[in-house]
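Encoded as structure tokens, the structure appears first; notes follow it.
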Amino acid sequence: MPQSRDLTRGLEQGFLDIKDGLKVVVDPLTQPLSWALNEALWLMQATPWWIMIPVLMLITWAVSRSVKLAGFVALCFGFLAFIDFYDYTMQTLAIIFVCAFICVLFGVPIGIAMSRSDKVQRAMIPVLDMLQTLPPFVYLIPLIFLFSVTEPKLYGIAIILYAIVPVIRLTDLGIRLVDADVIEAADAFGMTKRQKLFGVQIPLALPNIMAGVNQTIMMSLAMVVIASLVSAPGLGVLVLRGIRSLELGVGLVSGLGIVLLTIILDRVTKAALARINASQN
Amino acid sequence: MTKEPKIAIRNLYKIFGSDPQSVLPMVLDGMGKTELMEKHRHVLGLSDINVDIPPGETTVIMGLPGSGKSTLIRHLNRLIDPTSGEVLVNGENILDYDEKRLRQLRQHEMSMVFQKFALLPHRTVLQNAGMAPAVAGQSERAYAEEARKWLNRVGLEGQEQQYPHQLSGGMQQRVGIARALTSNSDIMLMDEAFSALDPLIRTDMQDLLIDLQAELHKTIVFITHDLDEALKLANHLVILKDGYVVQQGEPQDILLNPSDPYIEDFVSDINRARVLRVRSVMAKGEVDDAAVVGEIDANDMLESVIALSKGDTGLNYAVVEDGARVGTLHIKDLVRALVPADRPDEGERVA
Ligand SMILES: Nc1ncnc2c1ncn2[C@@H]1O[C@H](COP(=O)(O)OP(=O)(O)OP(=O)(O)O)[C@@H](O)[C@H]1O
Ligand SMILES: [Mg+2]
């Protein structure tokens with residue numbers, strides 16, 4: 001079909017035309033992301049395992065107050081180290097930490113803005129729908145044009161765009177669901193908008209926000225594997241190697257590593273969520 | 001009444017809908033709730049409300065569900081703004097207040113108790129009780145003593161560090177009352193504050209409020225749809241129907257002289273002996289010593305006099321108020337007062 005070729009060529013030409021202009025703006029804005037990813041990758045790999053694993057156990061205990069869970073975390077990382085996947089796991093974890101943190105950093109304020117204005121909500125929902133339904137591979141294409149494949153921010157942006165949606169949605173929802181009676185009481189006792197936001201709305205929306213964070217982490221984990229196609233280090237690289245050179249064993253075992261990591265992250269964030277819920281109801 | 005009203009509501013109208021101002025002239029010309037709804041798709045929430053709320057007393061606003069009680073009380077601290085009219089608090093029109101002055105009013109001059117308690121679930125009982133000073137910027141350490149004092153006063157000693165969900169409904173509402181008291185405001189707004197509680201606990205809470213009021217003399221605006229509760233608490237009673245005031249005044253007066261069939265219906269089912277007081281049915285003036293068999297207090301309930309007289313309708317009692325004899329109670333009059341005045345027999349009743 002000549003029409004379809006015209007369309008794709010037109011799009012490509014259009015994108016190439018604005019590319020340089022776009023790059024001037026986006027490049028410096030996203031540079032900190034590259035630094036953050038590089039630093040995190042370096043830090044998590046440079047730290048010896050006998051410091052790293054206790055630190056991770058401590059974090060687990062701090063958010064979940066569960067010794068059992070901390071033990072489980074140690075066991076999983078011990079196993080991954082035993083099969084020589086420790087470095088890959090740390091790389092994946094570093095990327096997830098950075099990306100999930102940035103998702104929360106931007107997602108929560110965006111969600112708050114949506115909850116405060118129906119107009120903002122109406123404008124954001126189609127964007128979020130698109131980000132969530134677009135096949136993850138599709139994000140990568142324009143990004144490859146924009147940045148060089150060796151830059152970490154390339155995969156960083158792809159992961160963030162994909163994973164930020166749930167934390168935005170659930171922050172918006174959580175704040176809108178805060179009991180209207182409690183909000184009325186806050187008004188009746190003369191709270192300012194700020195006091196209401198930080199003293200009432202965010203704390204009461206926290207269970208929903210945390211559920212969003214949990215989903216965001218799960219989605220970054222899914223994306224980090226795909227992002228290996230554009231040079232993201234970590235367990236995804238091993239999966240790709242398994243596919244490319246048909247090394248069945250490597251592919252399956254690295255898949256298992258990803259499953260373990262998923263379970264850990266899910267359990268820890270859910271335990272934190274359960275603690276918040278328990279203190280409120 | 002010579003006292004200046006603490007709160008005065010003047011010609012207050014509230015219309016809900018897409019463009020209230022456009023239909024206001026029609027309402028001012030006397031269009032009713034149903035017509036406004038049918039022709040213009042606007043809800044007439046309140047219509048020409050004029051109420052003076054005396055200081056240091058309990059004013060009860062009563063009406064059926066949907067009569068506009070919650071809407072009215074929310075105008076007093078401007079949780080809702082009127083379509084037209086004025087609300088004067090201590091003589092100042094609060095509709096002229098800017099945001100900052102309004103917050104000050106809400107923090108220091110008025111407090112509110114809610115039907116569903118509306119406590120902060122993530123704060124302790126102590127922090128909830130100290131909400132008003134906390135909002136004004138005080139630290140927990142600064143307000144703790146005051147908050148603890150009022151928590152103790154409402155019967156919550158030792159519960160300071162609990163969270164609201166650990167308490168029963170009645171206890172949660174005690175926290176709600178302590179929260180209102182800790183603000184040290186003169187005015188307390190209570191929107192169906194006891195309606196969500198079990199009957200027994202409800203009675204306890206009513207007694208607690210009466211005790212507190214005898215001690216503190218706050219200006220209380222209390223909303224209820226329960227006539228027994230209204231009569232128990234009210235110094236001043238306002239009856240709302242479809243957004244307008246049907247009758248207001250002293251409860252005993254309203255009971256004895258209902259101005260409207262709506263109110264007659266309302267008051268027909270209550271136990272009058274338990275509500276009416278001697279002073280409302282006595283004959284005022286000189287007491288004939290020879291005719292009376294004893295003395296009773298002007299504020300006694302009729303019920304206790306019936307018990308005293310053992311049902312003998314021939315007796316008369318001298319009525320004493322503040323040590324002086326002020327009138328005579330004929331038990332015959334008492335019995336007559338127990339049934340609604342001028343009420344035709346059921347058979348003759350015409351629609
Ligand atoms: N925001 C609103 N928009 C439209 N109509 C409203 C709104 N708020 C209240 N109303 C209407 O105003 C009328 C009075 O409502 P209000 O809540 O004040 O009644 P109420 O006497 O407190 O009733 P209840 O005993 O059920 O609490 C009702 O007809 C209600 O439907
Ligand atoms: Mg109501």
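The values are calculated or read from the model by the stated rules, or taken from the named source; none is laboratory data. Since we're looking at a predicted model, the values are computed, not measured. No Cβ is skipped: glycine too gets one built from the backbone with ideal geometry, and neighbour counts run over all protein chains shown.
Take the residues in region B:147-159 that are more than 25 Å from the chain's Cα centre (by Cα) and modelled with pLDDT under 95; name whichever of them is farthest from the other protein chains (Cβ to nearest Cβ). So the residue we want is B:Glu157. Quick check on region B:144-167. Is at least one of its residues within 16 Å of ligand 2 (Cβ to nearest atom) and outside any loop (DSSP other than H, G, I, E, B)? Taking every residue of region B:144-167 in turn, none turns out to be within 16 Å of ligand 2 (Cβ to nearest atom) and outside any loop (DSSP other than H, G, I, E, B).
Check A:Leu177, A:Leu204 and return the single one that is within 30 Å of B:Leu105 (Cα to Cα) and in contact with a His (Cβ under 9 Å, 6 or more places away or on another chain). Give the steps one after another, and end with the answer.
Values: A:Leu177 fails: in contact with a His (Cβ under 9 Å, 6 or more places away or on another chain).
The unique qualifying residue is A:Leu204.
Filter region B:116-143 down to residues that are part of a helix (DSSP H, G or I) and in contact (Cβ under 8 Å) with a residue 40 or more places away in the chain and give me whichever is surrounded by the fewest Cβ atoms within 10 Å (Cβ to Cβ).
B:Pro133
Does B:Thr224 satisfy the condition of being within 16 Å of ligand 1 (Cβ to nearest atom) and away from chain A (no Cβ under 14 Å)? Spelling it out, B:Thr224 is indeed within 16 Å of ligand 1 (Cβ to nearest atom) and away from chain A (no Cβ under 14 Å).
Considering only residues in region B:168-201 that are within 16 Å of ligand 2 (Cβ to nearest atom) and away from chain A (no Cβ under 14 Å), the one that is surrounded by the most Cβ atoms within 10 Å (Cβ to Cβ) turns out to be B:Phe194. Against the conditions (1) touching a residue at least 40 places away in the same chain (Cβ under 8 Å); (2) under 15 Å from the mean Cα position of the chain (by Cα); (3) farther than 21 Å from B:Met171 by Cβ, B:Gln247 satisfies every one except (1). In this structure, does B:Ser304 turn out to be polar (S, T, N, Q), free of Cβ contacts under 8 Å to residues at least 24 places away in the same chain and outside any helix (DSSP H, G or I)? No.
Looking at region B:77-111, which of the residues that are under 23 Å from A:Ile202 (Cβ atoms) and facing chain A (nearest Cβ under 7 Å) is farthest from the chain's Cα centre (by Cα)? Result: B:Arg103. Just one of the listed residues (B:Met26, B:Met37) is surrounded by fewer than 17 Cβ atoms within 10 Å (Cβ to Cβ), out of contact with any strand residue (DSSP E or B) (no Cβ under 8 Å at 6 or more places or on another chain) and of a type in the set (A, V, I, L, M), and it is B:Met26.
To keep it simple, each residue is scored yes or no on (1) under 15 Å from the mean Cα position of the chain (by Cα); (2) more than 14 Å from chain B (Cβ to nearest Cβ); (3) in a helix (DSSP H, G or I).
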site: A:Gly78; (1), (2), (3): no, yes, yes
site: A:Met130; (1), (2), (3): no, yes, yes
site: A:Ser148; (1), (2), (3): no, yes, no
site: A:Gly174; (1), (2), (3): no, no, yes
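Scanning region B:253-262 for residues that are assigned to a loop (DSSP other than H, G, I, E, B) and out of contact with any helix residue (DSSP H, G or I) (no Cβ under 6 Å at 6 or more places or on another chain) turns up B:Asn257, B:Ser259, B:Asp260.
Within region B:263-300, the only residue that satisfies the criterion of being surrounded by fewer than 16 Cβ atoms within 10 Å (Cβ to Cβ), assigned to a helix (DSSP H, G or I) and not charged (D, E, K, R) is B:Ser268. Give the residues of region B:20-72 that are of a type in the set (Gly, Ala, Ser) and more than 10 Å from ligand 1 (Cβ to nearest atom), sorted by residue number. Result: B:Ser22, B:Gly30, B:Gly32, B:Ser47, B:Gly56.
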